[in-house]
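Structure, as structure tokens:
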Ligand code: PL3
Ligand code: FE2
Ligand code: FE2
């Protein structure tokens, strides 16, 4: 196999003036890890598209707005596809589909049972908070092409999180129990997914602790905004530890 004559790390000047080492985006190790992470992100964005369309069938009054959110997800999927192409990486979509299967099954069951609050907790809170944490952690260690795309995407994800917050806040008294149950069933899945990506994310120089911290901040802020008490939120977060 031909070896490229490139340094292990590229030293660039960060905006703060200090120097930090970026990964070697051309190494086989980087590209191998990226083939899975990139696929996860593309699959996640495509499923997010399908999920907002499905939620639109349950909330006909919001159908137009939900279609708009779904279109944004399609654009995100295309953006991340170009990030992989730019690095000469083929995304491992079979791996990514399997990665999302348990969460996807729970979402699809909730659609069939007309459980809007569960659908929104899974897609608009958990998945969006996961995406926000992942993209925040990725931006400082990404290649310049992917950085520009990811910065644009992360702004949109806050709009999606906010959509879920607004609906769940307005309907909290009717769906409090359903949300507690949905949290209990799905937060442990997010925890497992984080564990599953940690090794590949580390190759991309993304820190697992940062990922978890950013995820918990986004999720807890949403639950506070929706109207849960600190005590309830602590109990909800504990679900990730016991399962
Ligand atoms: C919803 O808008 C998007 C759902 C995407 C889910 C993303 C999960 C990402 C986990 C892996 C972290 C790597 C981030 C790197 C970005 C190329
Ligand atoms: Fe997205
Ligand atoms: Fe989103």
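With R₀ set to 22 Å, the beta-carbon distance separating residue 173 from residue 61 gives a calculated FRET efficiency near 0.70. Of the peptides 228-234, 81-87, the order by per-residue mean of other Cβ atoms within 10 Å, starting with the highest, comes out as 81-87, 228-234. Taking a ≥ b ≥ c as the square roots of the eigenvalues of the Cα gyration tensor of region 144-199, is the shape rounded (a/c under 1.5), prolate (a/b larger than b/c) or oblate? Since a/c reaches 1.5 but b/c is at least a/b, the shape of region 144-199 is classed as oblate. Overall shape: oblate for region 204-243, with the ratio a/c of the largest to smallest alpha carbon gyration tensor axis at 1.5 or above and b/c at least equal to a/b.
At full extension, residue 207 and residue 242 could sit 10.3 nm farther apart than now, given 0.36 nm per residue minus the alpha carbon distance. Label region 144-243 by shape, choosing from rounded, prolate and oblate, from the square roots a ≥ b ≥ c of the eigenvalues of the Cα gyration tensor; if a/c is under 1.5 it is rounded, and otherwise prolate applies when a/b is larger than b/c, oblate when it is not. Taking the square roots of the gyration eigenvalues as a ≥ b ≥ c, region 144-243 is oblate. Maximal additional length on extending the residue 139-residue 104 stretch stands at 10.0 nm, based on 0.36 nm per residue less the C-alpha distance.
The distance between label points at residue 29 and residue 78 comes to 3.6 nm (points 7 Å beyond Cα on the Cα→Cβ vector). Packing here is the average count of other Cβ atoms within 10 Å per residue, and on that basis the peptides 88-98, 216-226, highest first, run 216-226, 88-98. Each part reduced to its alpha carbon centroid, region 142-218 and region 103-117 end up 18 Å apart. Estimated purely from DSSP H runs of n ≥ 4, each contributing -39500 (n - 2.57), the mean residue ellipticity at 222 nm for the chain is -26000 deg cm²/dmol once divided by its residues.
For helix 63-87, what angle does its Cα long axis make with the longest principal axis of the chain, in degrees from 0 to 90 and rounded to 10? Relative to the chain, helix 63-87 is tipped by roughly 20 degrees. Comparing 23, 144, 188 in a Gaussian network model of the chain where C-alpha atoms under 10 Å apart are linked, the largest mean-square fluctuation is found at 144.
Every number in this text was worked out from the coordinates using simple rules, so none of it is lab data. Worth saying up front: this structure is predicted, and the values here are computed from it rather than measured. Quick reminder, even Gly has a Cβ in these numbers, built from the backbone with ideal geometry, and neighbours come from all protein chains shown.
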